[in-house]
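Have a look at the structure below before the remarks.
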Amino acid sequence: MKGTGFSEEDGLSKTFKIVTLGCKVNQYESAFIEESLSRAGWQRIADGSTADVLVVNTCIVTHKAAHQSRQAIRKAIRENPGCLVAAIGCYPQVFPEELEFIDGLDLIANNRAKAEIPRLLMELSSHHKKTLALPPFESETPFDPLNIERFPGRTRAYLKIQDGCRSFCTYCIVPYTRGPYRSLEPEKVLEALKRFAEQGYGEVVLTGIHLGKYGVDLAGNMDLKRLLQRVGKEGLPLRLRLSSLEPQELNVNIIEMAASEKWLCPHFHIPLQSGNDQILKRMNRNYTTRDFAEKIETIHAAIPQGAIGVDIMCGFPGEDNTAHANGVSLLRNLPVSYLHVFPFSPRKGTPAWDFKDKVDIHTIKQRASELRSLGQEKRMLFYESCLDPVFDVLVEGPYGKDKTLMTGAGENYLSFVFPGDDRLRGHVVRMRAVRMAGDKVLGEIQKPRSTKNRS
C-alpha cells in the first residue's frame, strides 16, 4: 500500500492485534494500521490468542477513558508475555511521561506519528529496542490521508476527512491531542468514497475531530457544504452519514440537502453540553440555548422524521440545581431523538481542571441518571413517531444469539429488528416500521435493494 514504507517481504508473517478505544477517528486510524500490516504479510489474530505485536490505540477524552487506556496497556503486557506492545495516539500525545516507565511497553507513538506506525512496528519487530515516536504538531502540519479500502467486520465504513481542533472548550483535552485544523482534499475524499463503493459498502460515515471545520485550511472557499455538493454530483451507489457537528456550523444548506437528497442521511448529532447560558459561556461554547433550540426546530421542521442526537454534560463546575433544571426543561421541550450523557470529567491541562466550584460526585450521578432516563423517553417517542413509514435499512447482523432475527439501521438511524438471516448482512433493504419491539422497532421487509456491503 502506498505510504506504508514496507513491503510484504519485510513482514515475515508476524501476527498482531489492535485494541481501539475512543472515537470514530481512532477507529479509522486503527483500520489503516490493520490494513497496512495485512498488506505487508502480517496476520491479524482473534482475541484470546497471543500475537507477536499488540497495539493499543488510546483515548483520554475523559478520566475514565484514560484509566481504560492504561488498563488495556497493562493487560496487553500481562496477558501476552514476549509480545511487543505499542501504546499509540492521544495518551502519548499529551502524557508520554506517564507511559515511558511502564515495563514491557516497547513503542510509544503519538497522533502526529500515526502515519508512520506501520513502519515503526515493522522496525520494532526486527530490533526489539524500545522506541519513542513523539514528533510535535506544527502550525502547517499537513493532513495524513491514511488511505484504506475496507473496514473489516463492519457493514458501514468510516472516512476521516478532517483532523484537529482549536475551539479550546474549557473542559476539553482534545485540542491538545489533535493539533491544528487540517482537511482531506475534496478530490481525495471522492477517490476514497469511490473505493468504498467499489467494495460494496452501502453507507459511509464522514468523520473528523471537528467536522464542521472541514476545509478551513484548503484553498477555494472549500467547506463541508461544498464538499457534500460535489459528492452529490457523483451519483455514487452509497449513502453518507455525518458524524457530530457543532450547532453553529450546521447550516441550513446542509439541512435542506439532508431533507431532499436520498444519499445524505437525515441524521444529525449535535453537542449541546449545557442547557444553561452561563455555563455555556464558562465552557467557552460560542452559542446560546436559544441558538441551539432554533437549530433543532429548524431541522425538525425540514425533516420531521429525521434523527437529532444531542450530547449533554452534567456536573460542570458551577452547575447548580437551577442550571441543571434549565437543561432538563430545554431538552424535554425540544424534538430531540436521543441523548448522549457525559458526567463532567476534569482533565489535567484544561482550564476547568482548576475551577474551584466543582459539583460533588453524588449529585453528578443523580443528574446523569435523570438525563439518561429523559434520553430513553425521547428515544421511544422518536421511534413511535416513525411507525408505519418505509425506510432504507442497512442490515448489520444477527440480533443477539437468535439467528432467525437480524438488526439494521434506517437512514434516520432508526434501530430495527426483523426476520431474516445472515445472507442479508450488508444489504440495504426497504423496510416498513411495524411496531415497537422493546428498545427497537420491529420491521417488515418490503423489497430488497441491490446494494451490497462487504463486511
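The values are calculated or read from the model by the stated rules, or taken from the named source; none is laboratory data. Everything numeric here is computed off the predicted structure, so don't read it as measured data. All Cβ positions, glycine included, derive from the backbone under ideal geometry; neighbour counts span all protein chains shown.
Output yes when any residue across segment 302-323 is surrounded by fewer than 20 Cβ atoms within 10 Å (Cβ to Cβ), in a strand (DSSP E or B) and under 26 Å from the mean Cα position of the chain (by Cα), and no when none is.
yes
Quick one: in segment 51-64, which of the residues that are farther than 14 Å from T177 by Cα and of a type outside the set (D, E) is modelled with the lowest pLDDT?
Restricting attention to segment 51-64, the residues satisfying the condition of being farther than 14 Å from T177 by Cα are 51-56, 63-64.
Right, trim to of a type outside the set (D, E) and you get 51, 53-56, 63-64.
On the way: A51: 88, V53: 94, L54: 96, V55: 97, V56: 98, H63: 94, K64: 95.
Once the filter is applied, the top-ranked residue is A51.
Out of the strands (runs of 3 or more DSSP E) lying entirely within segment 378-428, which hold 3 or more residues that are closer than 17 Å to R156 by Cβ and touching a Ser or Thr at 6+ places or on another chain (Cβ under 7 Å)? Steps first, answer last, please.
Working: elements: 390-399, 402-410, 415-419.
Fully inside segment 378-428 and qualifying: 390-399.
Could you look through segment 132-165, keep only residues that are of a type in the set (F, W, Y) and in a loop (DSSP other than H, G, I, E, B), and pick out the one that is farthest from A115 (Cα to Cα)?
First, the residues of segment 132-165 that are of a type in the set (F, W, Y): 137, 143, 151, 158.
Keeping just the survivors that are in a loop (DSSP other than H, G, I, E, B) gives 137, 143, 151.
Working: F137: 13, F143: 10, F151: 17 Å.
So, considering only residues that are of a type in the set (F, W, Y) and in a loop (DSSP other than H, G, I, E, B), the one farthest from A115 (Cα to Cα) is F151.
Go through (1) in contact with a strand residue (DSSP E or B) (Cβ under 8 Å, 6 or more places away or on another chain); (2) buried (at least 20 other Cβ atoms within 10 Å of the Cβ) for V434 and report which single condition fails.
Unmet for V434, out of (1) in contact with a strand residue (DSSP E or B) (Cβ under 8 Å, 6 or more places away or on another chain); (2) buried (at least 20 other Cβ atoms within 10 Å of the Cβ): (2).
Looking at segment 166-197, which of its residues are assigned to a helix (DSSP H, G or I) and either of a type in the set (A, V, I, L, M) or modelled with pLDDT under 95 (or both)? Can you show your working first?
As a first pass, look at segment 166-197 and keep what is assigned to a helix (DSSP H, G or I): 174-178, 186-197.
Matches in segment 166-197: V174, V189, L190, A192, L193, A197.
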